[in-house]
Amino acid sequence: MERKAEGRMILIPQQDGTEAKFPHWALRDAVTNFFDRLGAGEDAPPEHPLSKAARNSSDPWWRESIYAADEHVTAPIPDLSEP
């Protein structure tokens, strides 16, 4: 009954042998957070906890996914247009 109340859950294996647990909808929130942070510089919102868990995962699929993007994503995007 407890599992039914939680709904679909995402389990991300961690380097220390534990699992980080998130509701299924957190995937959408983590991707939205990634795009909100992309090139935002100092104005970037805080990183989503799922992203931290993905980066710390023992599973290469999570570590190499868009969910695991690190703080370098917030670096301002240079203007490459010609004057």
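The values are calculated or read from the model by the stated rules, or taken from the named source; none is laboratory data. Because the structure is a prediction, the values reported are computed rather than measured. Cβ atoms come from the backbone with ideal geometry, glycine included; neighbour counts cover every protein chain shown.
Okay, residues lined up against (1) free of Cβ contacts under 8 Å to residues at least 12 places away in the same chain; (2) aliphatic (A, V, I, L, M); (3) loosely packed, with under 15 Cβ neighbours inside 10 Å:
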| site | (1), (2), (3) |
| --- | --- |
| Leu11 | yes, yes, yes |
| Gln14 | no, no, no |
| Ala20 | no, yes, no |
| Ala26 | no, yes, no |
| Ala30 | no, yes, no |
| Arg37 | no, no, no |
| Gly41 | no, no, yes |
| Pro45 | no, no, yes |
| His48 | no, no, no |
I want to confirm something. Restricting to segment 59-81 and keeping residues that are without any contact (Cβ under 8 Å) to a residue 24 or more places away in the chain, under 9 Å from the mean Cα position of the chain (by Cα) and assigned to a loop (DSSP other than H, G, I, E, B), which single residue is farthest from Leu27 (Cα to Cα)? Asp70
How many residues does segment 37-58 contain that are within 15 Å of Leu27 (Cα to Cα) and part of a helix (DSSP H, G or I)? 7
Yes or no: Asn33 within 27 Å of Pro76 (Cβ to Cβ) and at pLDDT 95 or above? no
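Taking segment 36-83 as the search range and keeping residues that are among the acidic types (Asp, Glu) and modelled with pLDDT of 90 or more, which one is nearest to Gln14 (Cα to Cα)?
My answer is Asp59.
Output the residues belonging to segment 66-83 that are surrounded by 16 or more Cβ atoms within 10 Å (Cβ to Cβ) and either farther than 14 Å from Glu42 by Cα or not β-branched (Val, Ile, Thr) (or both).
Tyr67, Ala68, Ala69
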